[in-house]
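The values are calculated or read from the model by the stated rules, or taken from the named source; none is laboratory data. Predicted model, so just to flag it, every value in this text is computed and none were measured. As a convention, Cβ positions derive from the backbone with ideal geometry for all residues, glycine included, and neighbour counts pool all protein chains shown.
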Amino acid sequence: MRLLGIDTPEKGKSLYSEAQRACAELVEGRQVEIQTSGGHSKDAYGRTLALVTAGGTLVNEDLVARGLARVYLKDDGEIPGDVEEGLIRAQNSAIDARRGLWGLRGALETRPGERLRATRYRFHKEACADVKSLSRQLAPITREEALRSGRSPCRNCLPRRRRRRRRISGSNDCSLPSADRVAMMPRREEYHGSR
Ligand SMILES: [Zn+2]
């Protein structure tokens, strides 16, 4: 199971175990509803992609609000617009409070000499090969502005604090009920944004 629209800390990174624990606590003993996204129900590793509601709480958004996950959106209508907006609002509230990941040193600061450019859902280093040809036409953006608008760092040019561990796949796995158990639970065709 992978949670749509978010990215949780990878194993070995700050707050990894906190995020795993929060995720488990949110679903434990609760009625869990899964909404998959039409045409995007599995990722490249065969994991189910989903919005998960447990006891009336959208787990994806709650983890972001706690500062235990970052918003990670895609430009393919993977999740409904109102859910996307809710995730961005949750990230801003976490940033305002410097909660979790946003309380870590350097989480919001553009590094000296670093020039960042924005595409719709990502921010890049100016020299990123993905945007090289059009980089100068893209709007300059600070790290904090980018994060507050729901953009995430490009995984190719990695505008992050450290460049050391390069890993392409996020680890937004969550300790959720097994696929067999989930299949027996009610499944909603559409997400209605009940918050
Ligand atoms: Zn890039």
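When Pro112 is tested against (1) within 9 Å of the ligand (Cβ to nearest atom); (2) over 19 Å from Pro9 (Cα atoms), exactly one condition is not met: (1). Report, by residue number, each residue of the range 59-78 that is farther than 15 Å from Ala19 by Cα and in contact with a helix residue (DSSP H, G or I) (Cβ under 8 Å, 6 or more places away or on another chain). Correct list: Leu73 only. Can you tell me which residue is nearest to the ligand (Cβ to nearest atom) among those in the range 122-142 that are hydrophobic (A, V, I, L, M, F, W, C) and either in a loop (DSSP other than H, G, I, E, B) or on the phi > 0 side of the Ramachandran plot (or both)? This residue is Cys128.
Any residue at all in the range 79-87 that is of a type outside the set (Lys, Arg), in contact with a helix residue (DSSP H, G or I) (Cβ under 6 Å, 6 or more places away or on another chain) and in contact (Cβ under 8 Å) with a residue 40 or more places away in the chain?
yes
Exactly one residue among Glu28, Glu61, Glu85 is under 14 Å from the mean Cα position of the chain (by Cα) and surrounded by fewer than 17 Cβ atoms within 10 Å (Cβ to Cβ), and that residue is Glu85. When Gly106 is tested against (1) assigned to a helix (DSSP H, G or I); (2) more than 16 Å from the ligand (Cβ to nearest atom), exactly one condition is not met: (1). Pairs meeting the criteria (first residue in the range 138-165 and at pLDDT below 85, second residue among the aliphatic types (A, V, I, L, M), beta carbons under 7 Å, at least 6 apart or on different chains) are Pro159/Leu116. Note on the range 143-160: among residues that are among the aliphatic types (A, V, I, L, M) and not in a loop (DSSP other than H, G, I, E, B), the one that is nearest to the ligand (Cβ to nearest atom) is Ala146. Select from the range 109-124 the residues that are under 21 Å from the mean Cα position of the chain (by Cα) and surrounded by fewer than 20 Cβ atoms within 10 Å (Cβ to Cβ) and write down the one among them that is farthest from Arg89 (Cα to Cα). Per the stated criteria, the residue is Thr110.
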